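Remarks on the structure that follows.
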Amino acid sequence: MEKIKILGIGIDNVTLEEAVEYSRKRISSGWITKVYTPNSEMLVETVRDRSFEELLMAGDLLLPDGVGLLKGARFYKKRFKEKVAGVDYAYALLKMAKEEGLKVFLLGGKEEVVELAAERVERDHPGVLAGFHDGYFGPEGEDLVIRKIKASGADILLVALGMKKQERFIGDHLERCGVKLGVGVGGTVDILAGTVMRAPEFFIRNGLEWLYRLMKQPGRFIRMLDLPRFIFLC
Ligand code: UDP
């Protein structure tokens, strides 16, 4: 697959459909696959933290999650086929899991939120859910969570622990979890649960999802300064 290098990180130039097909093939051939969904904030973080850069570079599939990346690519005279949002990929994986008879484990989010997300996954994709666990466990809870995932017999692990924590969990523990595919999916559990709404179509179509998010969560303002920083770095 073609990669577009942004701030030194090769991001896969794939459509959502291609990403899902690749995942399907990797699972059926038994490869363990790490999928990350970098946005511009994450790429700026790789400049600040080299260990995070290494972690991302060790991923098998890096999806261009965010309009910032699409704009950033233009500075390198490249063009992504499309933005592949982590949440869309997660929904597509659930559908694919249903078709293929695969099991999915949800990890992350607050206890009541992941419970709600699990209920909705059960309702919309019966038989797909292998198990779930909230994302607020310390290093001492890690072993227990890993054993729970392994015992669930899941094939796919969706990890929503926030940027860095989720990639670290996948990078360090995926093999021990016994799953074939691990994905860092950010706030997807909140969207699956319905506690956070996705931006209305207008914002998505015009590349303004970030603005909608800022309106809903003004506390993210400082983090969002990474967006202009990202463009400057590109
Ligand atoms: N989260 C979690 N454990 C933590 C920190 C965050 O499970 O220690 C969850 C949080 O509840 C939310 C998701 O991770 O469901 C994404 O959080 P945030 O929006 O802060 O992440 P980012 O924008 O960095 O991906």
Filtering helices (runs of 4 or more DSSP H) wholly in the range 64-153 for at least 1 residues that are within 30 Å of Cys234 (Cα to Cα) gives 67-75, 86-100
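Quickly run through the range 147-173 and pick out the residues that are more than 16 Å from Thr37 (Cα to Cα) and away from the ligand (no atom under 16 Å from the Cβ).
Result: Arg147, Lys150, Ala151, Ser152, Gly153, Ala154, Asp155.
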Conditions (1) more than 16 Å from the ligand (Cβ to nearest atom); (2) over 19 Å from the mean Cα position of the chain (by Cα); (3) within 17 Å of Arg168 (Cα to Cα) -> Phe75 fails only (3)
Note to self: Please verify whether Asp88 is of a type in the set (Asp, Glu) and buried (at least 18 other Cβ atoms within 10 Å of the Cβ), treating the condition exactly as stated.
What the structure shows: yes
Over the range 44-78, the set of residues of a type in the set (D, E, K, R) and more than 13 Å from Ile11 (Cα to Cα) is Glu45, Arg48, Asp49, Arg50, Glu54, Lys71, Arg74, Lys77
Flagged in the range 174-186 as surrounded by 20 or more Cβ atoms within 10 Å (Cβ to Cβ), of a type in the set (Gly, Ala, Ser) and more than 11 Å from the ligand (Cβ to nearest atom), in numbering order, are Gly182
Selection from the range 199-228 of residues part of a loop (DSSP other than H, G, I, E, B) and more than 22 Å from Asp88 (Cα to Cα) yields Leu225
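Read-outs: derived from the displayed coordinates by stated rules, not from any lab. Given the structure is predicted, the values throughout are model-derived calculations rather than measurements. Don't worry about glycine lacking a Cβ; one is built from the backbone with ideal geometry, like all the others, and counts go over all protein chains shown.
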